Amino acid sequence: MNDPNIVPEPIVKLLDVFEAQLPEVEFPGVNAATLREQATTVDAAAEALAAAEVALREARTFHAEAYGALRTSAERGLGYARVYATDNTELSEALAGIELRPAKPRRMPPKKRARKPKPAPDNVAELPLQAETA
């Protein structure tokens, strides 16, 4: 096991006990060899997961860069096409409906939750009102 944090410490301790003190003991579906094999599988899965996460980060970066380049080219192309279409009504109309700026994200207003009034406890005595002084 490469990283001691992949397999939790209590399981590592149990595996150590099985390998040191119970190497020949077999319980139904559990023995030192099966525990070691499963721990090795967990290590391999963790390594595959780490590699996949690195690949995902790299793919996201590549995608963002590629999209940025496309977006820049599209904005430039739309600008050029609009200038080119100044004397062409049909082309101008076709380009008029194209908006490349991202729409502003609409924020949903927070939901208002009506609170139920708390019932007054039955055992609360009313305080007498003080007489107003004039």
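Every read-out reported here was derived from the displayed coordinates using simple, explicitly stated rules and does not represent laboratory data. Model, not experiment: these values are computed from the prediction. Quick reminder, even Gly has a Cβ in these numbers, built from the backbone with ideal geometry, and neighbours come from all protein chains shown.
Numbers for the structure displayed
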| item | result |
| --- | --- |
| Total charge dipole magnitude, segment 1-98, about the Cα centre, Cβ charges on Lys, Arg, Asp, Glu only, Debye to nearest 20 | 500 debye |
| Size descriptor, Kirkwood hydrodynamic radius, that averages inverse alpha-carbon separations across segment 9-96, Å | 18.6 Å |
| Theoretical FRET efficiency, 1/(1+(r/R0)^6), r = Cβ-Cβ of Asp16 and Ala59, R0 30 Å, to 0.05 | 0.15 |
